[in-house]
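J.: Submitted below is the structure of interest, expressed as structure tokens.
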Amino acid sequence: MAVIKTIDLVGVSGESWRDAAHKALDEATKTLRNVEGFNVLETSAVVDDAGEISEYHTHIRVRFRISR
């Protein structure tokens, strides 16, 4: 019987929401084995004083299979 665990991460990028998701996934795969996928839960951004986006945030839920 398989068990799948999830963790939530927020990736941050100065370029795009997609890049922020990639950064979160890259960080997850440094310490997790058997990563099977992820869901994007939310995207948001930080706006600077000039009204421009300074950071893109992507909240993801990473799924990985527990191995014994």
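Bear in mind these aren't lab numbers, they're just calculated from the coordinates by the rules spelled out. Keep in mind it's a predicted model, so treat the numbers as computed, not measured. Counting neighbours? That spans all protein chains shown, and the Cβs are built from the backbone with ideal geometry, glycine included.
J.: How many residues are out of contact with any Phe, Trp or Tyr (no Cβ under 9 Å at 6 or more places or on another chain) and either among the β-branched types (Val, Ile, Thr) or surrounded by 15 or more Cβ atoms within 10 Å (Cβ to Cβ) (or both) if we restrict to the range 30-66?
T.: Within the range 30-66, residues that are out of contact with any Phe, Trp or Tyr (no Cβ under 9 Å at 6 or more places or on another chain) and either among the β-branched types (Val, Ile, Thr) or surrounded by 15 or more Cβ atoms within 10 Å (Cβ to Cβ) (or both) number 7.
J.: Regarding the range 9-18, can at least one residue be identified that is touching a residue at least 12 places away in the same chain (Cβ under 8 Å), touching a strand residue (DSSP E or B) at 6+ places or on another chain (Cβ under 8 Å), within 28 Å of Arg68 (Cα to Cα) and exposed (fewer than 12 other Cβ atoms within 10 Å of the Cβ)?
T.: The answer is no; no qualifying residue exists.
J.: If I filter the range 50-58 for residues that are among the aromatic types (Phe, Trp, Tyr), in contact (Cβ under 8 Å) with a residue 40 or more places away in the chain and out of contact with any helix residue (DSSP H, G or I) (no Cβ under 9 Å at 6 or more places or on another chain), do I get at least one hit?
T.: No: zero hits.
J.: Just for the range 11-68: of the residues that are assigned to a loop (DSSP other than H, G, I, E, B) and polar (S, T, N, Q), which one is farthest from Met1 (Cα to Cα)?
T.: Looking at residues that are assigned to a loop (DSSP other than H, G, I, E, B) and polar (S, T, N, Q), I get Ser16.
J.: Separate question: Which residues, counting only those in the range 14-68, are out of contact with any Lys or Arg (no Cβ under 9 Å at 6 or more places or on another chain) and acidic (Asp, Glu)?
T.: Glu15, Asp19, Asp26, Glu27, Glu42, Asp48, Asp49, Glu52, Glu55
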